[in-house]
Amino acid sequence: MKRYAHITGWGKYAPEKILTNDDLSQMVDTSDEWIRTRTGIKTRHIVGEGETTATMSVRAAQAALDVANVTPDQIELIIVATSSPDYLTPSTACLVQNSLGAMRAGAFDLAAGCSGFVYGLGVASALIESGVYDTVLVIGAETVSNFVNWSDRETCVLFGDGAGAVVLQAKEVPGGVLSFVLGADGSGAELLYVPAGGTRQPTSAETVAQGLHFLRMNGRAVFRFAVNIMPRASRQVCEQAGLSLDDIELFIPHQANDRILQASARALNIPTERMFSNLEHYGNTSAASVPIALCEAIEAGLIKRGDHLVMVGFGAGLTWAAAAIQWSMPWPVPGRPWWRKLLRWLYYRWASLRSWTLRVLRGFDSTLRQSEEESQPPKQEKEDAMK
Ligand code: COA
């Protein structure tokens, strides 16, 4: 029996703190007028104290699991698409796995810049269709604000923080992810990159002094790449799914710049209303932008059961990705009884207690081993005693 990967749950999280264009004009030489007319952005969300890519991922994932009516122990794989992980190692996905108490799940991060979420969707759907997994959680989450140079007006006005997540599940009903396209062109690696902090230029006092740990971008070149690749990838993914552009009720593109969205709509010969945009409230949230946009399009009642969607992204790498989807979920989602919410809440409390207990036990274990080793006579003494 053929299997199809359906999106059965979705959720988003954006930090409370909002940074307006006027706020930015107090920080760098810019203006609300310049930012709005060149990008379409009015505000963006910025992480507060204690918020990270992992904590935002968990909030978005919990919302998605709730919609899908899936418990964390049903998840078999967690993919976190991010270029701003909590640590270089371990992966943010492992931190999410721990916080959710998803004990049966494998977990890994996926770094494909702003295309990351759509890349993750493609990978997850292939693993589901091939029968490897039944339930996969795909998250796009970013704390770009930690990598932005807040004195560089060319980049700092563009980005924001947030997270979005979907639950993908195997079903035998046709629909869900119909096709996907993944692409890369590493010759453009240095058009959008963080020069230092990796193995090529490890972090040092010098790299920090030179600001090499901040995001650098050639805006014009990225713009040209984006307006070319978005329509191309959209056409290709429709072709693969056997759909025409007219069959697509809504395009959910990566939210980078309104002018890119409009140029892509013109190139595809579709009205701009079919190119969803929420850019003005979020700015570019990188890998989080497509899943956040998906959630907002659903909440706005723009997606009905049976509709065809194209999600399309581009970004650092250079990378691009598109997925054609037939939507199969009702909206609004049927309400969950209060006791189910309580059970979920208890489960997450239990997961954090379990995690804390394991850490404490590991601490005890290593202290015990250390004191045991200290109480043993040194190796040389032992050997002498045996002679
Ligand atoms: N406020 C005021 N002026 C600014 C500014 C800002 N925030 N940022 C740049 N400028 C200035 C430039 O210094 C330049 O001044 P000059 O003419 O005196 O040299 C002028 O505005 C025009 O700069 P330019 O780079 O040509 O602007 P643009 O119309 O190309 O818009 C971007 C710049 C970054 C908005 C646009 O190129 C873009 O969106 N690129 C794609 C970026 C992207 O999507 N990145 C993420 C990919 S995932």
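Brief remarks follow.
- Selection count, the stretch 35-48, where residues are out of contact with any Lys or Arg (no Cβ under 9 Å at 6 or more places or on another chain) and among the hydrophobic types (A, V, I, L, M, F, W, C): 1
- Candidates 102, 14, 60: the one that is touching a strand residue (DSSP E or B) at 6+ places or on another chain (Cβ under 9 Å), over 15 Å from residue 282 (Cβ atoms) and not assigned by TED's automatic domain parsing to the domain that holds residue 344 is 102.
- Among the numbered conditions (1) closer than 26 Å to residue 346 by Cβ; (2) in contact (Cβ under 8 Å) with a residue 12 or more places away in the chain, the only one that residue 50 does not meet is (2).
- Exactly one residue out of 12, 42, 17 is over 23 Å from residue 116 (Cβ atoms) and touching a Gly at 6+ places or on another chain (Cβ under 6 Å), and it is 17.
- Of residues in the stretch 197-224 being hydrophobic (A, V, I, L, M, F, W, C) and closer than 26 Å to residue 141 by Cβ, the one surrounded by the fewest Cβ atoms within 10 Å (Cβ to Cβ): 208
- Here 29, 73, 22, 66 are screened, and the one residue that is in a helix (DSSP H, G or I) and within 16 Å of the ligand (Cβ to nearest atom) is 22.
- For the stretch 225-282, filtered to residues that are away from the ligand (no atom under 14 Å from the Cβ) and hydroxyl-bearing (Ser, Thr, Tyr), the residue that is surrounded by the most Cβ atoms within 10 Å (Cβ to Cβ) is 234.
- Residue 89 being assigned to a loop (DSSP other than H, G, I, E, B) and within 16 Å of the ligand (Cβ to nearest atom): no
- Residues that are in contact with a Leu (Cβ under 9 Å, 6 or more places away or on another chain) and part of a loop (DSSP other than H, G, I, E, B), drawn from the stretch 49-63: 52
The values are calculated or read from the model by the stated rules, or taken from the named source; none is laboratory data. It should be emphasised that the depicted structure is a prediction, and the values quoted were computed from it without experimental measurement. Every residue, glycine as well, gets a Cβ built from its backbone with ideal geometry; the counts of neighbours run over all protein chains shown.
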